[in-house]
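Step one of this worksheet: look at the structure below.
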Amino acid sequence: MPSRQSPIGVFDSGVGGLSVLRAIRERLPDEDMIYVADQAHVPYGPRPREEVLQFAEEIVRYLLGRGVKLIVVACNTASAVALHGLRETFPEIPFVGMEPAVKPAAERTQSGVVGVLATPATFQGELYASTVERFAQGVTVLQDTCPGLVEQIEKGALDTSETRQILEDALLPMLAQGMDRVVMGCTHYPFVIPVIKEIVGDGVEVVDPSPAIARQVERLLERHGLRNTGGGEGEAWFATTGEVEQLAGVLPVFSIQCSVNSIQSMSLS
Ligand code: DGL
């Protein structure tokens, strides 16, 4: 049985969910965390639903095997495809998933035009369609899938000419249509917010949902009596289905210091 001292499980197709892990650490510094990066299968965005669902279920089983007390699906794509099914298949564990932050953007826009950057699978999901329908009535919502951006971020190429080009191709047409809010609908993208801000300028607010996700994790832990308030400094362990050395090499780019020894290799069937 999980206890207050059990770790929180967090997973993504790759390094993107580290933007969520970072926000959780800031809010709940005494919690231990286990992070799974399914780098053998990144990107999830263009994959069929069934495949993403299967990967997500296997990762959840792995995390349960490591005794986690709550699981954060730190991936908009996996949340869109699998969150509902995961809650049904694993009713014993609380889940927190990502939802494109269209609501706060639509509530605060002055120009009536908001942009959303996310993967094709996220845009095709019912969650996105219902979010837009419920919260963005009367607002123009522009979308872009930023092809190739997840791959650049996986390599740690946060501010290269390729990365900048992908972002300009997405954002400049949105700016031309009067966008004043842009939503990070993929957990990889907060890592390129500095470049995004340079392109869009001060007149556009960048909406990153990860602080709200961290608050939701806190609420849910409290509700289940599972919040660790021990006052210690939480540890983080990592597992990847890709190359351990590659992940170890790239983690410092995302401001995460960790030795190769705290990264495990894992595989999905
Ligand atoms: N970080 C992911 C997301 O939030 C997935 C990106 C991908 O693997 O395509 O959607």
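We did not get these values from a lab; they are worked out from the coordinates using the rules stated. From a predicted model like this one, the values you see are computed outputs, not experimental measurements. Note that we place each Cβ from the backbone using ideal geometry, even for glycine, and neighbour counts take in every protein chain shown.
For the range 126-190, the equivalent ellipsoid derived from the Cα gyration tensor has semi-axes of 25, 15, 8 Å, listed largest first. Each label was represented as a point 7 Å from its Cα along the Cα-to-Cβ direction; for Arg223 and Arg27 these points are 1.3 nm apart.
Note on Lys155: aspartates and glutamates with a C-alpha under 13 Å away, same-chain residues under 8 apart excluded, are Glu243, Glu245. Which of the three applies to the range 67-196, rounded, prolate or oblate, going by the alpha-carbon gyration tensor with a ≥ b ≥ c and a/c under 1.5 meaning rounded? It comes out oblate by the Cα gyration axes. Extension gain, Ala176 to Met1, is 57.6 nm, computed as 0.36 nm per intervening residue step minus the present C-alpha separation.
For the range 1-91, the square roots of the Cα gyration tensor eigenvalues, ordered a ≥ b ≥ c, give a/c of at least 1.5 with a/b no greater than b/c, which places it in the oblate category.
Largest GNM mean-square fluctuation across Ser255, Ser111, Ser19, computed for the chain with C-alpha springs under 10 Å, falls on Ser255. A Cβ-based charge dipole, computed about the Cα centre of the range 104-252 with Lys and Arg at +1 and Asp and Glu at -1, lands at about 540 debye.
Rounded to the nearest 20 debye, the dipole size of the chain about its Cα centre is 680 debye, using +1 on the Cβ of Lys and Arg and -1 on the Cβ of Asp and Glu. The alpha-carbon positions of the range 152-218 define a convex hull whose volume is 91 Å³ per residue. Only Lys, Arg, Asp and Glu carry charge here, each on its Cβ (+1 for the first two, -1 for the last two); on that basis the range 1-113 has a dipole of about 240 debye about its Cα centre. Packing, as the average of other Cβ atoms within 10 Å across residues, places the peptides 113-120, 92-99, 72-79, 227-234 in the order 72-79, 113-120, 92-99, 227-234, highest first.
Farthest towards the positive end of the charge dipole of the range 50-93, among the residues Thr89, Leu70, Phe55, is the Cα of Leu70, using unit charges on the Cβ of Lys, Arg, Asp and Glu.
Each of Met33, Met184 has some number of other Cβ atoms within 10 Å of its Cβ, and from fewest to most they run Met33, Met184. Using the alpha carbons alone, the radius of gyration of the chain stands to its Kirkwood radius in an Rg to Rh ratio of 0.95. Taking other Cβ atoms within 10 Å as a rough exposure proxy, Asp38, Asp12, Asp169 sort from fewest to most as Asp169, Asp38, Asp12.
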